[in-house]
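Accompanying notes for the structure given below.
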């Protein structure tokens, strides 16, 4: 009995802390964080309704990483090898507030993610449009450069045929 209670408490704490994988259903994921989704049946592909809000990457036939990209709601559809829908579930991406600082200058709003050492820009919808656009443009450029570098690295590491 005591072991069952201990396991139940551990499971509750793990799910609150986000350590346990999500079971297919309705998902809530913080912005800029990843959760593991578990499907009841094997899937061969997953699709996100609106990739502005979230992204998914298959790990294996029963698990996928779900990334919250920006606040909002969309859905995830998982399909089997036969092309039939295994699941069609809602995703809600919410803003994470831990370490977030909002600076208000008149009517303009600016958001930052901070540690005890420094702060970095972290614009969210509703921030000053110039700040928001400039930061996202820089992030897109950085992501494009990283993708290109990874492709070059992968090509140079592949065995010659």
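The values are calculated or read from the model by the stated rules, or taken from the named source; none is laboratory data. Keep in mind that this is a model prediction, so the values were computed, not measured. Neighbour counts run over all protein chains shown; Cβ positions are idealised from the backbone, glycine included.
Residues in segment 58-75: is at least one assigned by TED's automatic domain parsing to the domain that holds residue 33 and out of contact with any strand residue (DSSP E or B) (no Cβ under 8 Å at 6 or more places or on another chain)? Among the residues of segment 58-75, at least one is assigned by TED's automatic domain parsing to the domain that holds residue 33 and out of contact with any strand residue (DSSP E or B) (no Cβ under 8 Å at 6 or more places or on another chain), which makes the answer yes.
Residues in segment 41-66 that are surrounded by fewer than 18 Cβ atoms within 10 Å (Cβ to Cβ) and either closer than 18 Å to residue 29 by Cβ or without any contact (Cβ under 8 Å) to a residue 12 or more places away in the chain (or both): 12 in all.
Would you pick out the residues in segment 71-94 that are in contact (Cβ under 8 Å) with a residue 40 or more places away in the chain and surrounded by 16 or more Cβ atoms within 10 Å (Cβ to Cβ)?
Just the residues of segment 71-94 that are in contact (Cβ under 8 Å) with a residue 40 or more places away in the chain, to begin with: 71, 76, 78, 86-87, 89-94.
71, 76, 78, 86, 87, 89, 91, 93 - these are the residues of segment 71-94 that are in contact (Cβ under 8 Å) with a residue 40 or more places away in the chain and surrounded by 16 or more Cβ atoms within 10 Å (Cβ to Cβ).
Of all residues in segment 67-79, those satisfying the criterion of being closer than 22 Å to residue 28 by Cβ and in a strand (DSSP E or B) are 67, 68, 72, 73, 74, 75, 76, 77, 78.
So how many residues does segment 80-96 have that are at pLDDT below 90 and in a strand (DSSP E or B)? Break it down stepwise before answering.
Restricting attention to segment 80-96, the residues satisfying the condition of being at pLDDT below 90 are 93-96.
Checking which are in a strand (DSSP E or B) leaves us with 93-94.
Count: 2.
Among the residues of segment 131-151, is any touching a helix residue (DSSP H, G or I) at 6+ places or on another chain (Cβ under 6 Å), farther than 16 Å from residue 32 by Cα and not assigned by TED's automatic domain parsing to the domain that holds residue 33? Checking segment 131-151: not a single residue is touching a helix residue (DSSP H, G or I) at 6+ places or on another chain (Cβ under 6 Å), farther than 16 Å from residue 32 by Cα and not assigned by TED's automatic domain parsing to the domain that holds residue 33.
Collect the residues in segment 26-40 that are in a strand (DSSP E or B) and surrounded by 18 or more Cβ atoms within 10 Å (Cβ to Cβ), keeping them in residue-number order. Within segment 26-40, 27, 29, 31, 35, 37 qualify.
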